[in-house]
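The values are calculated or read from the model by the stated rules, or taken from the named source; none is laboratory data. Just so we're clear, the structure is a prediction, and the values are computed from it rather than from any experiment. Reconstructed Cβ throughout: ideal geometry from the backbone, glycine too, with neighbour counts over all protein chains shown. SASA here: full protein model, heavy atoms, side chains in, ligands and nucleic acids out. Shrake-Rupley method; radii C 1.70, N 1.55, O 1.52, S 1.80 Å.
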Amino acid sequence: MEGRELPGRHVVDEAIAADDLERLRVLPVDLSLHHPDVDWVADVCLRLANHPDATVRGNAVLGFGHLARRFGRLDSGIREVIERALVDPDAHVRGHAWSAADDTRHFLNWTFGVGTHVERVLWSGRARGRQWRARQVDWWPPGLDAGDTWSLVIETTDGPPEEKLSSWWSPDERVLGGTLRGWSTSAIGNLKRTLAQSPPPGADQGSP
């Protein structure tokens, strides 16, 4: 956080006490990305994870994912907070809970009892002189249609330096999102054809 000083504990406490929305909406992200005290920041995020403002509580839940990635540990009780957020009525909160669930699943080996998690390799091929694969990594809370879009991670598999791109695929419209810079028309066409032939993931495929 170059050129910007992190708020002290008294400043955070004052913002929470005053319910200063402008500050509370950015505090969880700023602190979870840059503050060195994981336990204190996790406590701040816990205090804000049930806030009535969706941006505040969504960013607080997102903070848990940042902390898991930075420190590799969190109190196990936080898992229940993320799980509740996965079925929050607000889409902003659900989206950030998805990110937190994915980070804590990866870095802490946590599992969740709601939603459907899907991770599968859909394509492997060559582009720009390198070997790539397209991986679908998605989490769908209950009640959402798993077929609307598939989140894709497109990454090299032939050794360092590694390259990774984020993209998405709409199976209904057969539209590939994201920019594959330097890819030939034939390489993109091969990827799209393989995606178009991939069956939609079943509800029992993968486990969160």
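Note down the nm distance, to one decimal, between modelled labels 7 Å out along Cα→Cβ at V26 and at R69.
2.0
For the chain, take the longest principal axis of its alpha carbons; what is the angle in degrees between that and the long axis of helix 9-18, to the nearest 10 within 0 to 90?
90
Could you calculate the FRET efficiency of E162 with D13 from 1/(1 + (r/R0)^6), where r is the beta carbon distance between them and R0 is 41 Å, rounded to 0.05?
Numbers: r = 42 Å, r/R0 = 1.02.
FRET efficiency, E162 to D13: 0.45.
Treating the angle as unsigned and between 0 and 90°, give the value, to the nearest 10°, between the Cα long axis of helix 91-108 and the longest Cα principal axis of the chain.
80
Dipole magnitude of segment 1-160 about its Cα centre, charges +1 at Lys/Arg Cβ and -1 at Asp/Glu Cβ only, in debye to the nearest 20? The partial results should precede the final answer.
Details: 19 positive and 25 negative charges, 173 e Å.
Using Cβ point charges on Lys, Arg, Asp and Glu, segment 1-160 gives about 840 debye.
Treating the angle as unsigned and between 0 and 90°, give the value, to the nearest 10°, between the Cα long axis of helix 54-71 and the longest Cα principal axis of the chain.
80
For the chain, set up a Gaussian network in which alpha carbons nearer than 10 Å are linked by springs, and say which option among R174, R135, R73 fluctuates the most.
Most flexible of the set in this elastic network: R174.
Carbon-plus-sulfur fraction of the accessible area of segment 36-178, 1.4 Å probe, in percent? Provide the component values of the computation, followed by the final result.
Numbers: 3120 of 6670 Å².
Roughly 47 percent, rounded to a whole number.
Based on DSSP loop calls and a cut-off of at most 13 other Cβ atoms within 10 Å, the longest stretch of the chain free of exposed GluC sites (Glu not before Pro) is what?
6-161
Shape of the chain from its Cα gyration tensor (a ≥ b ≥ c, root eigenvalues): rounded if a/c is under 1.5, otherwise prolate when a/b > b/c, or oblate? The partial results should precede the final answer.
Values: a/c = 2.33, a/b = 1.77, b/c = 1.32.
Since a/c reaches 1.5 and a/b is larger than b/c, the shape of the chain is classed as prolate.
Would you mind counting up the charge near W98? Only other residues with Cβ under 11 Å from its Cβ, with Lys and Arg at +1 and Asp and Glu at -1.
Values: positive: R94, R105; negative: D88, D102, D103, D138.
So the environment of W98 carries a net charge of -2.
Please give the calculated 222 nm ellipticity per residue for the chain, where each DSSP H segment of at least 4 residues contributes -39500 (n - 2.57) and the sum is spread over every residue; nearest 500 deg cm²/dmol?
-13000 deg cm²/dmol
Which residue, H66, A85, V56, has the largest displacement toward the positive end of the dipole of segment 17-131 when charges sit on each Cβ (Lys, Arg +1; Asp, Glu -1)?
H66
Provide the per residue accessible area, probe 1.4 Å, for segment 1-139, rounded to a whole number of square angstrom.
Working: 6630 Å² over 139 residues.
About 48 Å² of surface per residue is accessible.
Full extension from I188 to R47: what is 0.36 nm times the residue separation minus their Cα-Cα distance, to one decimal in nm?
Details: separation 141, 0.36 × 141 = 50.76 nm, distance 4.60 nm.
Result: 46.2 nm gained on full extension.
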